[in-house]
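Student: First the structure, then my questions, so here it is.
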Amino acid sequence: MTRPLRFIQIGTGGFGGYWCASVMPRLLALGKAEVAAVADVNPENFAAAMAHYGIGPNQCYTTAEAACARTRADFVIIVVPPAHHEAMVDLALAHGMHILSEKPIADTMAACVRIYRNVRAAGVKMGVTMSHRFDQDKQTLQRLIHSGELGRLNYLICRFTHNCRAFGSWGDFRHRIADPLLIEGAVHHFDIVRALAGGNAHTVYARSWNPPWGEYAGDSTALATMEMEHGVHACYEGAKANASTMNGWTNEYFRADCEHGTAVLDRRRVSVLRGGAWETPAVEDIPLLDEPAWMNPRLAEEFIDWLNGGPPMATRLEDNIQCAALLFAAIESAHTGQPVDVPAFLRRHLDAIPA
C-alpha cells in the first residue's frame, strides 16, 4: 500500500469548511491522505479545521506562504475566491507541489492560460474540482445518454434558476464581482453540457444582465446558446435573482432530446419520455447510480489516485482549460453581443502567452 499523501489546505472558511468536514476526512480514514497544514487569513476558521482534521495550532497558518515554506507536503488544496487562484498556484509551483483547486481555474481567461502554461512547464499535476458534473443525478443522466439506448443526441437544455437576489444570499464576494452568474454558476453547467454532449463547444452566443432587484455588482442572469461537437446544440438559462428557486444548486433541470426518447433530469429525478404525435408521453423513471462517493469526495480521491500512478482524473487541467474557454468566451459574447468561436478564442489566448 502506498503511503498517505500529505496536503496543505489553503482556505478553511466558507466552502473550505465543507472540505474540512465532508471531503478530506473520508480520504484520511481510507489512509490515502494526511494533513500537513492548513492556512487561512482568519484564525477563527481554524477551530473547525482542527476539530475535523485532528491537528494542533502549530499546523495552522495565517498565510499560505508560511504554511508552504515551513511544511513538507505532496500537494495543496486551493479553496479561496477565484481571483486569488493564480497566486496560490504560483506558490505551490515554487514549492514543487501538485495542485487540487476549486473551480474555475481562475477569474480571467488570461490567468487561466498563465496557470495552464506554468503548471505544464513545471511538470506537476493539477486537477480542478468540477464537482457538479460528478453528482449522482448528473452521472446517471450522462451514462443514460452515452449508453446509446436513446439513439443519437440532438440537443440539450439546461435550467438553473434561484432566488438569491438579496446581498449575501450567495456569499458576499459573489455579489461584488463582475459576471457572478457565469463565473460562479455557469462554469459548472457548461462543464456538464460538455460531458453530456460528449465534446467541446464550437460557438457560444450569450446575453447577460442584472434585474433592478438583484443586489449584485455584476450580471446575475444569462441566456446562452451553444453549438457543440458532433452537431449537438445546447441552450442555457441561468438566474440568481429570480422570484422563486425552481432549479437551484444540485436541483438543476437538464433535458436531452434524443433519437428514440427524451431524457429529463429535474430536481434529482431522472426519467425518459416517449410517445407518438399528439400522445401524452409515457414516463419511465431511471434509478440513480449507486457508487461510494460523489462530487468533491469522489474527485479528491481520483486526484490522489492519479498522483499515485492511476489514470488521470477527468477534470484535470488539460481538460478543464476547454471548460474555461467556453466560460470566458460566453462572457466575451455577453459583453460584445456577438457569437464567439470557442476554439479560436482559446488559440488567441494561448498565442498571447507563449509556452
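The values are calculated or read from the model by the stated rules, or taken from the named source; none is laboratory data. Just so you know, these numbers come straight off a predicted model, no measurement behind them. Every residue, glycine among them, receives a Cβ derived from its backbone with ideal geometry; neighbour counts consider all protein chains shown. Side chains are part of the model used for accessible areas, which takes the heavy atoms of the whole protein and leaves out ligands, DNA and RNA. Shrake-Rupley method; radii C 1.70, N 1.55, O 1.52, S 1.80 Å.
Student: Quick check: from the Cα gyration tensor, does segment 76-212 come out rounded (a/c under 1.5), prolate or oblate?
Tutor: It is oblate, given that a/c is not under 1.5 and a/b is not larger than b/c.
Student: Now, a different point. Taking loop as defined by DSSP and a crowding limit of 11 other beta carbons within 10 Å, which chymotrypsin sites (Phe, Trp or Tyr not before Pro) in segment 223-281 fit?
Tutor: Counting only loop positions with at most 11 other Cβ atoms within 10 Å, the chymotrypsin sites (Phe, Trp or Tyr not before Pro) in segment 223-281 are Trp278.
Student: Taking Cα atoms, how many degrees apart are the long axis of helix 317-336 and the longest axis of the chain, rounded to 10 and kept between 0 and 90?
Tutor: Between helix and principal axis, roughly 60 degrees.
Student: Quick one: ranking Asp341, Asp319 by accessible area, 1.4 Å probe, largest first, what do you get?
Tutor: Listed by decreasing accessible area, they come as Asp341, Asp319.
Student: Mind ordering 111-120, 283-292, 53-62, 7-16 by average Cβ neighbours within 10 Å, highest first?
Tutor: 7-16, 111-120, 53-62, 283-292
Student: Which number comes out as Rg/Rh for segment 14-94 once both Rg and the Kirkwood Rh are worked out on C-alpha atoms?
Tutor: Answer for segment 14-94: 0.93.
Student: Can you compute the equivalent ellipsoid semi-axes for segment 205-337, i.e. the square root of 5 times each eigenvalue of the Cα gyration tensor, sorted largest first and rounded to whole Å?
Tutor: For segment 205-337, the ellipsoid semi-axes come out as 27, 27, 17 Å.
Student: Top to bottom by accessible area (1.4 Å), largest first, where do Val41, Val342 land?
Tutor: Greatest to least solvent exposure: Val41, Val342.
Student: Under the classification rounded if a/c is under 1.5, otherwise prolate if a/b is larger than b/c and oblate if not, where does segment 144-227 fall, given a ≥ b ≥ c as square roots of the Cα gyration tensor eigenvalues?
Tutor: Since a/c reaches 1.5 and a/b is larger than b/c, the shape of segment 144-227 is classed as prolate.
Student: At a 10 angstrom cut-off on C-beta neighbours, averaged per residue, how do the peptides 79-90, 179-190, 206-217 rank from highest to lowest?
Tutor: For the peptides 79-90, 179-190, 206-217, the packing ranking is 179-190, 79-90, 206-217.
Student: Per q in 0.14 Å⁻¹, report the Debye log10 I(q)/I(0) for segment 291-332, using one uniform scatterer on each alpha carbon and no solvent.
Tutor: -0.42
Student: If you don't mind, there's one more thing I want to ask. What residues qualify as long-range amide H neighbours of Cys258, i.e. H under 5 Å apart, gap of 5 or more or another chain, H built at 1.01 Å from N?
Tutor: Asn154, Ala263
Student: Explain nothing, just the number: relative contact order of segment 140-272, from Cα pairs under 8 Å at least 6 residues apart, as a whole percent.
Tutor: Value for segment 140-272: 37 percent.
Student: Could you check the simple spin-label distance between Arg6 and Asn42, using points 7 Å along Cα→Cβ, in nm with one decimal?
Tutor: Reported label-point gap for Arg6 and Asn42 is 2.9 nm.
Student: Anyone know which of His233, His175, His52 comes out most mobile in the 10 Å Cα GNM of the chain?
Tutor: In the Gaussian network model the winner is His52.
Student: Which percent, nearest 5, of DSSP beta bridges in the chain are antiparallel?
Tutor: Here the antiparallel bridges make up roughly 60 percent for the chain.
Student: Given Cα pairs under 8 Å that are at least 6 residues apart, what percent is the relative contact order of the chain?
Tutor: 18
Student: Ratio of segment 53-92's C-alpha Rg to 2.2 N^0.38 Å, to two decimals?
Tutor: For segment 53-92, the normalised Cα radius of gyration comes out at 1.21.
Student: Working out 0.36 nm times the residue gap between Ala293 and Arg268, then minus their Cα-Cα distance, what length gain in nm do you get to one decimal?
Tutor: 7.4 nm
Student: Could you work out [θ]222 nm for the chain from helices alone, using -39500 (n - 2.57) per DSSP H run of at least four and dividing by all its residues? Round to the nearest 500 deg cm²/dmol.
Tutor: When only DSSP H runs of four or more count, the value is -10000 deg cm²/dmol.
Student: So what's the gap between the Cα centers of segment 146-204 and segment 243-321, to the nearest angstrom?
Tutor: Distance between centres, Cα-based: 12 Å.
Student: Could I ask something else about it? Tell me the accessible surface of His98 in square angstrom (1.4 angstrom probe, heavy atoms of protein chains only), to the nearest ten.
Tutor: It works out to around 50 Å².
Student: Please report, as a whole percent, how much of the solvent-accessible surface of the chain comes from carbon and sulfur atoms (probe radius 1.4 Å).
Tutor: 52
Student: Hey, another quick one. Counting alpha carbon pairs within less than 8 Å and at least 6 residues apart, what relative contact order, in whole percent, applies to segment 1-149?
Tutor: Answer for segment 1-149 is 20 percent.
Student: Just to be sure I understand the curve: with the Debye formula and one point per C-alpha of segment 1-52, what is log10 I(q)/I(0) at q = 0.17 Å⁻¹?
Tutor: Taking Cα atoms of segment 1-52 as identical point scatterers yields -0.47.
Student: Just round it to a whole percent: the fraction of Cα-Cα distances in segment 55-127 exceeding 20 Å.
Tutor: Beyond 20 Å sits 26 percent of the P(r) for segment 55-127.
Student: Sticking with this one: Taking the Cα centre of segment 224-355 as the origin, how large is its charge dipole in debye, to the nearest 20, when only Lys and Arg (+1) and Asp and Glu (-1) carry charge on their Cβ atoms?
Tutor: 380
Student: Still on this structure: Cα centroids of segment 108-135 and segment 13-85: how far apart, whole angstrom?
Tutor: Distance between centres, Cα-based: 20 Å.
Student: Which shape class applies to segment 268-355: rounded if a/c is under 1.5, otherwise prolate when a/b exceeds b/c and oblate if not, where a ≥ b ≥ c are the square roots of the Cα gyration tensor eigenvalues?
Tutor: oblate
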